[in-house]
1. Determine how many Å³ per residue the convex hull of the Cα atoms of segment A:72-153 encloses.
2. P(r) for chain B: what percent of alpha-carbon pairs falls in each 10 Å bin, starting at zero?
3. Pop the C-beta distance of residue B:406 and residue A:104 into the FRET formula with R0 = 60 Å and round what comes out to the nearest 0.05.
4. For segment B:289-399, compute Rg over Rh where Rg is the Cα radius of gyration and Rh is the Kirkwood radius from the inverse mean 1/r over Cα pairs.
5. If you take each beta carbon of peptide A:73-81 and count the beta carbons of other chains within 10 angstrom, what is the mean?
6. As a footprinting exposure proxy, order B:285, B:148, B:523, B:14 by other Cβ within 10 Å, with the fewest listed first.
7. Of all beta bridges DSSP finds with both residues in segment A:72-153, what is the antiparallel percent, to the nearest 5?
8. Compute the relative contact order of chain B as a whole-number percentage, counting only Cα pairs closer than 8 Å that sit 6 or more residues apart in sequence.
């Protein structure tokens, strides 16, 4: 049972900001991990914005999630600059290694695999992001080595 | 007194290649060697060298090192710093053009000119003092004490500066629309929602020279009568957000934002608004909706934002690169700016060179440079001795250029005549190992993902295009598919609600125009490049 009082505290911290809904949802997601119906209902109550509108916003932006996710989120770029530099091969290898498809979470809850839109580091394409860390100049083998490190240490930086 | 300055590029690209660890090792080893007082390590923005690992430059010698690893740090210190000997195996000589003011003898190399990027990679972006030392905030000071708002706007109009977000609308004219509106509030928004694949110019400007954006926004505010600015930055651009916030705080502390700036009656402040992951929010009315806390769906136009924008008030939305030009236009004058570039496209343009290219990265060149000069002189051609197949200019919605366009001058009017545009400045180079149909499918997958879903043309149109392409790339296509795609694409161009849906078909139609044979081959089960996994249809299998 999440502590919904935290929602009220977050909403209150933005009382001086005009139209702060996106900021509120970011903080709420940080606090609760994902934007569940229960939590969003509380945001609606406190902000007096209709739940339908809040749900609309929560499902529009890719950095918000209404489902729970793994401990580490892998975001692979497959936009054209990465694509012509072999991002498909990298992604295929990751899928085989983790045994999941894009949009899924591993059974142990360690990894969620997603696409990302362009991360703006195309000069070192292909790239992927694990949590907030970006890795470039990837090969399929390098990508798997990075994920192995995360698995072993929980979290590691290049 | 420092004997050496080591500028280490600490931008998103070098960090992805381990720059933080190298910098930490550098600081630690210098301290251990007792050199902390003699050598200053400065984190700077991009040095203009990409895909070559961690890069740094040591002054006063102006020696560049690339591909530096943690284990190389000790050698750089013992050889270069202590003995004055260059570490040849790491020495990088192909340095990009820069106004290197630390050592005036360093020549300008290559075809690049740095206006927008003049400070990126030469100052510490986290220091307002270093920005001020490079004439920073002088334009704002001069404008507020010696010029009227009309004069500032007039200078920008005369410069011929066109919006660098992709539409190339004259900036001064846009400002004029907002200036003549009567309103209790007006807003300046810096569009830093850079999401166009292959584009990272705004990211590196924000990371490398954030004060130039603040100064440009304040000048815009003075010209149109706005007191509040917002920088809308993609939520994914963490470092841009950090550097920008730090710069805003410093500017406030120094009285360069806030009340009565430079003792004038002008008040102006800036706040950052973060995006939450939506490509469409780069469209200015969708961006405004997002700041208002809503789904980022575009608005109907007119009215345009200079009349009815954020919270219904007159609003100017300018791109990062556009704003980075403003202070220098005010400081050096419109005629100086017109001396760069071509008559109808004055100034420089920042491009990001990506794809199958030996020397990828961020470049700033005068308008009118040819594709050949960029790809072969600055970009050092295509890796592995492969041939040039095509280039796409301006991001995923950009037009297609082929080898017949290599000598086309890249300026707004000449590109328009060729059915292309400069767009965001992303230049994607594609070599002849790639399959055009597979590439087009990749573009359309992107549009399917990024369509906001508001209008049927874009939402359904892209979905059906993807189905047709999936048939072609799996060997299930039929001859009529090509005409169907063409028909659908041109209908979308006419019928979609906003620029995204209208522009999405541009690269598809471009590829169909120049590489029609390849599409036809796919309907016959042949992929020239061997990229598509053609499954023989049941009929052929039986035969």
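1. 78
2. Distribution as computed: 4, 17, 26, 25, 17, 8, 2, 0, 0 percent.
3. 0.85
4. Across segment B:289-399, the Cα-based Rg/Rh ratio is 1.08.
5. The mean count of partner-chain Cβ atoms within 10 Å per residue comes to 6.
6. B:148, B:523, B:285, B:14
7. Given both bridge residues lie in segment A:72-153, the antiparallel proportion sits at roughly 55 percent.
8. Normalised by residue count, the contact order of chain B is 12 percent.
Only the coordinates and a few stated rules stand behind these numbers; no lab work does. Please read these numbers as outputs of a predicted model, since none were measured by experiment. Cβ atoms come from the backbone with ideal geometry, glycine included; neighbour counts cover every protein chain shown.
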